[in-house]
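Peer 1: The following block contains the structure, expressed as structure tokens.
The values are calculated or read from the model by the stated rules, or taken from the named source; none is laboratory data. These numbers were taken from a predicted model, which means no experiment stands behind them. Ideal geometry is used to build each Cβ from the backbone, glycine not excepted, and the neighbour counts take in all protein chains shown. The protein model used for the area step is the full one, side chains on, heavy atoms only, and it has no ligands, DNA or RNA in it. Shrake-Rupley method; radii C 1.70, N 1.55, O 1.52, S 1.80 Å.
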Amino acid sequence: MRNLRLLRNGGCRPAATTGTPQCFCLGAEPGTVLVGSQHGLVDHWFLYLKVTREVDLTVEGFMPEDGSGCIVGIEDLPEHECVCVATAAGDILLCNLSTKQVECVGSVDSGLSTMSWSPDQELVLLVTGQQTLIMMTREFEPITEKQVHQDEFGEGKFVALGWGKKETQFHGSEGKQAAHRKQMEVSPTSAWDDGRPRVTWRGDGLFVAVSAVCPETGARKVRVWNRELVLQSTSEPVSGLEQALSWKPSGNLIASTQEKPNRHDVVFLEKNGLLHGEFTLPFQKGQVKVNELLWNADSTILAVWLEELKVDNSNPNSYVQLWTTGNYHWYLKQSLHFGSLEENRLVSLLWDRENLYRLHVLCEGWHYFFYDWHWTIDHGMGENSQRMANVAVIDGDKVLVTAFQHAVVPPPMCTYELQLQQAVNQVAFHTNPQHSGDMAVLDADNKISVYRYVLLCDTGPFCDPTVRLGAVGGNGFKAAVETPYLDKTYRVDVGSNSNEVMNPLGLRFLTWLSDDSFLVVGEGQHAAQSVLYHLTAVPHETEAEEQLSVPVNGEVISLCCSPTTKTIALQLADRRILKYLWEASTPVLEPWRTSSGCAVQFPYPCMQMSITRIGDEEVILGLTDRCRFIVNDTEVASNITSFATYNEFLLVTTNSHTCQCFCLKNMPLKALQACLSSAAAPNSETLRKVERGSRIITVVPQDTKVVLQMPRGNLETVHHRALVLAQIQKWLDRLMFREAFQSMRKLRINLNLLYDHNPKVFLENAENFVRQIDTVNYINLFFTELKEEDFTKTMYPSLNGSSKAQSYQHPDQKKVNLICDVMRVAMENIDPQKYCLSILTAHVKKSPPELEIALQKVHDLRGAVSAEEALKYLLFLVDVNELYDYALGTYDFDLVVMVAEKSQKDPKEYLPFLNTLRKMETNYQRYTIDKYLKRYKKALGHLSKCGPEHFSEFLNLVKDQNQYCEALKLYPPSTQEYKDISDAYGEYLVQKQLYEQAALIFARAGIFAKALDAFQDSGSWQQALCMATRLGYTKDKLSSLSRSMDYEEALLLLLEGALWEEALRLVRHFRAQEPEWKYFFRLIFLYSQKAAFLRHKSRLQVVRELKEKACESLQDYETPNCPELDLFSETSSVVTASDMNSKYSHSSSRISVRSSKNRRKAERKRYSLKEGSPFEDIALLEVLGENVRAVETVKDIHILLKQLVLFGYNEQAGTLQQALEEILQLMETSIPEIWTPDLQRSSVNPVLGPSSTANSIMAAYQQKRMVTPVVQDPELLIPPKLNKNLQWKLHLLQ
């Protein structure tokens, strides 16, 4: 789908040159061409239009002075700093252009017809006049010599496997007589063939092919040799094979030409000599001859140099055609017509080795031209037109147009084709978005053909014989696509002079500005200048007049136009960007400036440009041939292979085989640069994987299609998620629900977005939504995808900021229920019969499902949808067993039977059950159904109406299902049933140890004795005394009751106040020997130890932080003469303590003379827990260790746990076990924090000790290890051990 666009061209003719050029090559220095003539060698520097150096070969006698000499080969050798020249006389010369010295390094008596160097310039192959091949090294040392004509095939000769004779093989439509037909004789070469051998090397230089005329048959044969001149293969006999020969650099094919009886073909041979494909040249047989074929360096373009055969004495026309291939079809992309003037006749042409798409041409009149090409995609430029997705492909004298808006037609097919009179070189679409399908075609004859679209009329579309339908047409089918018609053809004659030498493609960058106005770029008077020509098409005239010409101080190498703002941007050869204000009264050129006022200059020349907006700024985008992507003057990425802009979106393909899409509306340039430089998440909406080598062709407007072309030429259409979501948003904003739904359904976009994009608008337009969707299946699909989440925040977070998701608050309803209700009402208002199934779906989708209502509607159906059909649909949504239960819950046995018949249930199972139910009394029947369905509340309601004889069954059900509260609601408080239920309820609460609640239930029902016990168990002594009074207790019984409850209440209050000692005293005094009170004793002890441990641990952390800060302050204020540096000794006290409080340091010195035992005793006395004491941290360590050891001794609690379980105190035992487990876990995690690793190392390697030195003490001081106090009992610094091997837990309590 790509065309070749001419970026720049140049030409010159050096002055003061003699003779006629015969061949040329490119010099090592950029911009130099070495030309060989019959007199010598000329070094032409075309950038400066002058001959810089010249070597005359006639002086030394290497060339005759009469001009009859001929140079058959020329090659620049940079490493030798000279040029190798081969003459037809047989001399091989090395010419130094600087010193003009000529050295003859060899000579062949029979003369030379060809000299060809290998691509790496390591070998040179000579073809002599005696048809021999001589292979030599770069130092011109012969390697071997062979005859061109060989009888054998070569090393690659085919091996016959003996699979039958020719007579027994299948011969297709020719029949068996083809086996006996004699092979046709090969026709000799054409009369115009010069008979010279042709040599071409493979790109890697491992093989060389030689085409020579066979002396026996007079026809040409191609032989392939390796670097040692060992014959590899010989081509099969090809009738009419011609002289042109070129090996594709990639190495798979050798191109040549063949004249066939009815056409002229370019044919391809494989390395083994077999033919492999061809294409036909657009000329009649015998009309032209092909002088040369040349591949460019990357094997993508094949240049064909043709020349018309002489008729009478007229001068022949010369042509150069550029062919490319894609999807196994050859396209003629450019055709250069050099006319028939003698001085325009071509001498030679070459492809540049470094610039892959630069073609060099040399003419007989010493005119030199160069052409720089690059790939481009010609497509419509609008955004709102229905025809903007048209892409035009040049193919000779045809333009193949594909309308991607209607169908994606793979090349080489197309939607329709335009037939022109001459070969086409440029195609331009109208820049007006409303006419973006109109095309202007510039052909090789400098004519502009204008094709326009017309509206359909009553008589059908306007027909044009030059427009022919392609893949969309066919016999008996009416094409739904519009086709344009040829409106006018104008001849362009700008800046040309008939007396001057013709330069093909003098005009480039054809741009259709307005209805009858065109813009082209031509050459200026100087090499580094261009001219902008405004062309105006005059009505009823055949020529386009030059209205205005604007000179450009620089060479224009690319041009682009914005269809929205009509801005035109030019890129010059020095990478400056100019803005062309063509709509002004006097068109002017000015530098393109950024928002900050800086002139824009690309860091690298860009082959593709585009204008778009990033935020509020209009910017210029550029892409180089090295995948560098540039915005204004900033390179934002270096891995971009293609890009396209569409509305506010930028789409790019990368070398990592991804297609990324960015919204430029609110994205600053730095954010774009960051997105392109960083790899997006694989599931990101901006990124999707594509096939390797994919390139963007076009983006279909008002749609979501992105058309990509693969390297082999086939097309692939992708729907980029970012474009899809943006288009869906536009449709939803315009209330185009049908278009949005169809796109979401086809492209797997979650349908929740229809609501989540704008809930308020959706709910207000529910009827409009139903009418647009219309199809019941589509509405059901929408219902089934509904979920409670907001998909603009979860699945599509990029829409969260752009969507108009005004929160439509309905606190009493969920999202799904709200949508189902609104949609159901809308469908019932429009046509309840038509949308019957959708209404059922709305009921089922709700949470909880309204299956009973749905079943009832199915039962009552009378209309277009039968009840059986509706029920069958309902079974798709709900499990049949669940639906059977819901049907049974309606108490409608007809409905139950209808559902049961659709299920897999055995009639022998459900019919007896239903018959039994039918025989029951109504309330008891419904009770049985509800109990079967485990709807116990409804079951109790129906059973309570069945009379007193069923109360025992009622009470049993209440007890089994713990439905006491519901049961109490069904009877008045004055009834016996109410009292019986309350009695059972109270007993249940007592079992749950909810004594106070049980007491209240008992008291309310008048069961005062049980209420007294419950209040007594709960500790509510006031209520207990009230119940005792209601029971008529005597004074003595009331007094005894009061005493029994007194200490228990006091114990509970002490526990709440954390007064552990007093609580223990009460327990020991009253009931210390009972297991239950032993439990209280141990529990209180554990809680007290836990509280003390947490308190001491917290204080230790505070003390350590204070001492660390004090140590840091000492280091901050330390001076070189600090007296402390001389005071470190084994008997010194800790730094933090001695420096902060001097009175403790004196006591340390006083007790140092005591005995070891007394000293430890005295030191323990110093370990005071008083806040601020110097050894408070040691005291805290000691107390914390005692806490741990005290709790460790409580592990004999397993004996008490067994007693508690034995006497039925399972809950108390579990509480006690859990309390001990928690405190043990607390201590285990706290020990590393309290006894830190530094503290433990200090106990093993003290800072101050017999082995300490001044350096070690100073190092410890700098590392803050001196914070650790020096104590006489190092065991305090060692953490206590917890015995993990002791099994004290009871697993039955876990």
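Peer 1: Would you be able to say whether some residue in the range 365-377 is surrounded by 19 or more Cβ atoms within 10 Å (Cβ to Cβ), of a type in the set (Ser, Thr, Tyr) and touching a Ser or Thr at 6+ places or on another chain (Cβ under 9 Å)?
Peer 2: no
Peer 1: Between a residue in the range 58-70 that is at negative phi and assigned to a loop (DSSP other than H, G, I, E, B) and any residue that is among the polar types (S, T, N, Q) and modelled with pLDDT of 80 or more, which pairs come within a Cβ distance under 6 Å, given they are 6 or more apart or on different chains?
Peer 2: Between residues of the range 58-70 that are at negative phi and assigned to a loop (DSSP other than H, G, I, E, B) and residues that are among the polar types (S, T, N, Q) and modelled with pLDDT of 80 or more, the close pairs are 65/58; 69/38.
Peer 1: If you don't mind, there's one more thing I want to ask. Checking the conditions here, which among 81, 122, 75, 103 is under 20 Å from residue 144 (Cβ atoms), open to solvent by 30 Å² or more (accessible area, probe 1.4 Å) and in contact with a strand residue (DSSP E or B) (Cβ under 9 Å, 6 or more places away or on another chain)?
Peer 2: 122
Peer 1: Still on this model: Tell me, which residue of the range 139-153 that is free of Cβ contacts under 8 Å to residues at least 40 places away in the same chain and over 16 Å from residue 199 (Cβ atoms) is surrounded by the fewest Cβ atoms within 10 Å (Cβ to Cβ)?
Peer 2: This residue is 151.
Peer 1: Looking at the structure I just gave you, is residue 732 of a type outside the set (Phe, Trp, Tyr), open to solvent by less than 50 Å² (accessible area, probe 1.4 Å), at pLDDT 90 or above and over 25 Å from residue 665 (Cβ atoms)?
Peer 2: When the stated conditions are applied, residue 732 does not pass them.
Peer 1: Further, regarding this structure: Mind checking which pairs have a first residue in the range 21-42 that is farther than 18 Å from residue 68 by Cβ and at pLDDT 85 or above and a second that is hydroxyl-bearing (Ser, Thr, Tyr) and surrounded by fewer than 22 Cβ atoms within 10 Å (Cβ to Cβ), Cβ under 6 Å, 6 or more apart or different chains?
Peer 2: Listed pairs, sorted by first residue: 24/348.
Peer 1: Could you count how many residues in the range 690-717 are farther than 16 Å from residue 645 by Cα and either of a type in the set (A, V, I, L, M, F, W, C) or buried (at least 20 other Cβ atoms within 10 Å of the Cβ) (or both)?
Peer 2: Within the range 690-717, residues that are farther than 16 Å from residue 645 by Cα and either of a type in the set (A, V, I, L, M, F, W, C) or buried (at least 20 other Cβ atoms within 10 Å of the Cβ) (or both) number 5.
Peer 1: Kindly indicate whether residue 884 is at pLDDT 80 or above, surrounded by fewer than 16 Cβ atoms within 10 Å (Cβ to Cβ) and under 22 Å from residue 927 (Cβ atoms).
Peer 2: It is false that residue 884 is at pLDDT 80 or above, surrounded by fewer than 16 Cβ atoms within 10 Å (Cβ to Cβ) and under 22 Å from residue 927 (Cβ atoms).
Peer 1: Does the range 657-673 contain any residue that is buried (at least 16 other Cβ atoms within 10 Å of the Cβ), assigned to a strand (DSSP E or B), among the aliphatic types (A, V, I, L, M) and touching a strand residue (DSSP E or B) at 6+ places or on another chain (Cβ under 6 Å)?
Peer 2: No, because not a single residue in the range 657-673 is buried (at least 16 other Cβ atoms within 10 Å of the Cβ), assigned to a strand (DSSP E or B), among the aliphatic types (A, V, I, L, M) and touching a strand residue (DSSP E or B) at 6+ places or on another chain (Cβ under 6 Å).
Peer 1: Of all residues in the range 613-656, how many are under 15 Å from the mean Cα position of the chain (by Cα), free of Cβ contacts under 8 Å to residues at least 24 places away in the same chain and buried (at least 18 other Cβ atoms within 10 Å of the Cβ)?
Peer 2: 1
Peer 1: Go through (1) out of contact with any Lys or Arg (no Cβ under 6 Å at 6 or more places or on another chain); (2) over 16 Å from residue 744 (Cα atoms); (3) modelled with pLDDT under 90 one by one and return the number of the condition residue 828 breaks.
Peer 2: Result: residue 828 passes all but (3).
Peer 1: Right, another one. Could you check residue 1067 against (1) at pLDDT 80 or above; (2) buried (at least 17 other Cβ atoms within 10 Å of the Cβ) and say which number it fails?
Peer 2: Going through (1) at pLDDT 80 or above; (2) buried (at least 17 other Cβ atoms within 10 Å of the Cβ) one by one, residue 1067 breaks only (1).
Peer 1: Separate question: In the range 396-412, which residues are open to solvent by 10 Å² or more (accessible area, probe 1.4 Å) and within 24 Å of residue 448 (Cα to Cα)?
Peer 2: Answer for the range 396-412, where residues must be open to solvent by 10 Å² or more (accessible area, probe 1.4 Å) and within 24 Å of residue 448 (Cα to Cα): 397, 398, 400.
Peer 1: So how many residues does the range 564-582 have that are assigned to a strand (DSSP E or B) and polar (S, T, N, Q)?
Peer 2: 1
Peer 1: Can you name every residue in the range 198-213 that is touching a residue at least 24 places away in the same chain (Cβ under 8 Å) and open to solvent by 10 Å² or more (accessible area, probe 1.4 Å)?
Peer 2: Of everything in the range 198-213, those that are touching a residue at least 24 places away in the same chain (Cβ under 8 Å) and open to solvent by 10 Å² or more (accessible area, probe 1.4 Å) turn out to be 198, 199, 200, 201, 202, 203, 204, 207, 213.
Peer 1: Filter the range 445-470 down to the residues that are in a loop (DSSP other than H, G, I, E, B) and modelled with pLDDT of 80 or more and list them by number.
Peer 2: 445, 446, 453, 464, 465, 466, 470
Peer 1: Need the failing condition index for residue 601 against (1) in contact (Cβ under 8 Å) with a residue 60 or more places away in the chain; (2) surrounded by fewer than 19 Cβ atoms within 10 Å (Cβ to Cβ), just the number.
Peer 2: (1)
Peer 1: Also, quick follow-up: Could you check the range 551-566 and list, in sequence order, the residues that are closer than 13 Å to residue 590 by Cβ and open to solvent by 20 Å² or more (accessible area, probe 1.4 Å)?
Peer 2: 553
Peer 1: Tell me, which residue of the range 43-53 that is modelled with pLDDT under 80 and in a strand (DSSP E or B) is farthest from residue 117 (Cα to Cα)?
Peer 2: Looking at residues that are modelled with pLDDT under 80 and in a strand (DSSP E or B), I get 50.
Peer 1: For the range 252-279, which residues satisfy the criterion of being small (Gly, Ala, Ser) and surrounded by fewer than 16 Cβ atoms within 10 Å (Cβ to Cβ)?
Peer 2: Scanning the range 252-279 gives a single hit, 277.
Peer 1: If we keep just the residues of the range 899-940 that are touching a residue at least 40 places away in the same chain (Cβ under 8 Å) and either exposed (fewer than 15 other Cβ atoms within 10 Å of the Cβ) or assigned to a helix (DSSP H, G or I) (or both), which is nearest to the chain's Cα centre (by Cα)?
Peer 2: Only one residue tops the list, namely 899.
Peer 1: Also, I was wondering about something else. For residue 603, indicate whether it is out of contact with any His (no Cβ under 9 Å at 6 or more places or on another chain) and either modelled with pLDDT of 85 or more or among the β-branched types (Val, Ile, Thr) (or both).
Peer 2: yes
Peer 1: Moving on. From the set of residues in the range 313-364 that are among the aromatic types (Phe, Trp, Tyr) and part of a loop (DSSP other than H, G, I, E, B), which is modelled with the highest pLDDT?
Peer 2: 357
Peer 1: Right, something else. Starting from the range 1274-1294, keep only residues that are surrounded by 11 or more Cβ atoms within 10 Å (Cβ to Cβ), then list their pairs with residues that are modelled with pLDDT under 75 and not in a helix (DSSP H, G or I) whose Cβ atoms are within a distance under 8 Å, requiring at least 6 positions of separation or different chains.
Peer 2: 1274/1246; 1277/1268; 1277/1271
Peer 1: Same structure again: So residue 585 clears everything in (1) within 30 Å of residue 438 (Cβ to Cβ); (2) free of Cβ contacts under 8 Å to residues at least 40 places away in the same chain; (3) assigned to a strand (DSSP E or B); (4) open to solvent by 20 Å² or more (accessible area, probe 1.4 Å) except one condition, right? Which one?
Peer 2: (3)
Peer 1: Another question, then. In the list 1183, 1267, 1244, which residue meets the criterion of being modelled with pLDDT of 80 or more and closer than 28 Å to residue 1110 by Cβ?
Peer 2: None of the others qualify; the one that does is 1183.
Peer 1: Among the candidates 237, 282, single out the residue that is open to solvent by 50 Å² or more (accessible area, probe 1.4 Å) and farther than 27 Å from residue 348 by Cβ.
Peer 2: 237
Each row is one residue, and each column tells you yes or no for (1) part of a strand (DSSP E or B); (2) under 26 Å from residue 337 (Cβ atoms).
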{"residue": "222", "(1), (2)": "yes, no"}
{"residue": "237", "(1), (2)": "no, no"}
{"residue": "245", "(1), (2)": "yes, yes"}
{"residue": "267", "(1), (2)": "yes, yes"}
{"residue": "292", "(1), (2)": "yes, yes"}
{"residue": "299", "(1), (2)": "no, yes"}
